[in-house]
1. Anything in region 106-123 that is within 29 Å of the chain's Cα centre (by Cα) and surrounded by 14 or more Cβ atoms within 10 Å (Cβ to Cβ)? List them, or say none.
2. Read through the list (1) touching a residue at least 60 places away in the same chain (Cβ under 8 Å); (2) in contact with a Phe, Trp or Tyr (Cβ under 6 Å, 6 or more places away or on another chain), then give the number of the only condition that Tyr165 fails.
3. Is it the case that Tyr165 is among the aromatic types (Phe, Trp, Tyr), out of contact with any strand residue (DSSP E or B) (no Cβ under 6 Å at 6 or more places or on another chain) and either part of a helix (DSSP H, G or I) or closer than 30 Å to Asp73 by Cα (or both)?
Amino acid sequence: MFPKKKENPKEENRPKPTEQAQQGAQEPQKQVEELRRQVEELQKEKDDIFAKLQRVAADYDNYQKRSARQIGDSIAYEKEKIIKALLPVLDDFERAIAHSEKAESAAEGVKIVYEHLKGVLRAQGVEQIESQCEKFDPTHHEAITQRAEAGKEDGVVLEELQKGYKLNGRVIRASRVVVNKAPATEQPAEESETKDIQ
């Protein structure tokens, strides 16, 4: 008979074909799982970056709106400051007109300049507050004093001492006025409630 073949020790350690197939099938599965994990990490990283980008875009949009509003407010403030500085000049013109009625040519020149200045201010959104015979309004008027005039309603402006002005609908100087304070009417004396009970 034939001599028995000695088994090779290397062959004993060699995995059997079914084990090889199982290990071979597990390798791609591990790789797929690893790739899925990497895709999930990359997806999360992408979502984080996208969220940061959205926040930066929103911040920039808010910054643009805020800076435009600040510029507008700054311009309005400067405009108001200039107009407030011009108002006393307007007051001086009014006083000059009132006191120079006799010198007609000088008064006429002052009136022309006065009307021109009023036109410039009107073009910039300045309007005069009407006060004479109006009901006193603390948002538009500053009461300097009170006076009682019969026949006039209580709280009505009797006299305007200094004109008030609004800039684009907002009061920049209240009118200084004299307000009517109706005299207190005497109430008939009440009869005594203590009567003798019979």
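1. Of everything in region 106-123, just one residue is within 29 Å of the chain's Cα centre (by Cα) and surrounded by 14 or more Cβ atoms within 10 Å (Cβ to Cβ), namely Leu121.
2. Evaluating Tyr165 over (1) touching a residue at least 60 places away in the same chain (Cβ under 8 Å); (2) in contact with a Phe, Trp or Tyr (Cβ under 6 Å, 6 or more places away or on another chain) leaves (2) as the failure.
3. no
Matching residues to (1) of a type in the set (A, V, I, L, M, F, W, C); (2) in a helix (DSSP H, G or I); (3) under 17 Å from the mean Cα position of the chain (by Cα); (4) modelled with pLDDT under 80:
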{"residue": "Ala58", "(1), (2), (3), (4)": "yes, yes, no, no"}
{"residue": "Arg66", "(1), (2), (3), (4)": "no, yes, yes, no"}
{"residue": "Arg69", "(1), (2), (3), (4)": "no, yes, yes, no"}
{"residue": "Ala76", "(1), (2), (3), (4)": "yes, yes, yes, no"}
{"residue": "Lys81", "(1), (2), (3), (4)": "no, yes, no, no"}
{"residue": "Lys84", "(1), (2), (3), (4)": "no, yes, no, no"}
{"residue": "Asp91", "(1), (2), (3), (4)": "no, yes, no, no"}
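The values are calculated or read from the model by the stated rules, or taken from the named source; none is laboratory data. What you are looking at is a predicted structure, and each value in this text was computed from that prediction instead of being measured. Note that each Cβ is placed from the backbone with ideal geometry, even for glycine, and that neighbours are counted across all protein chains shown.
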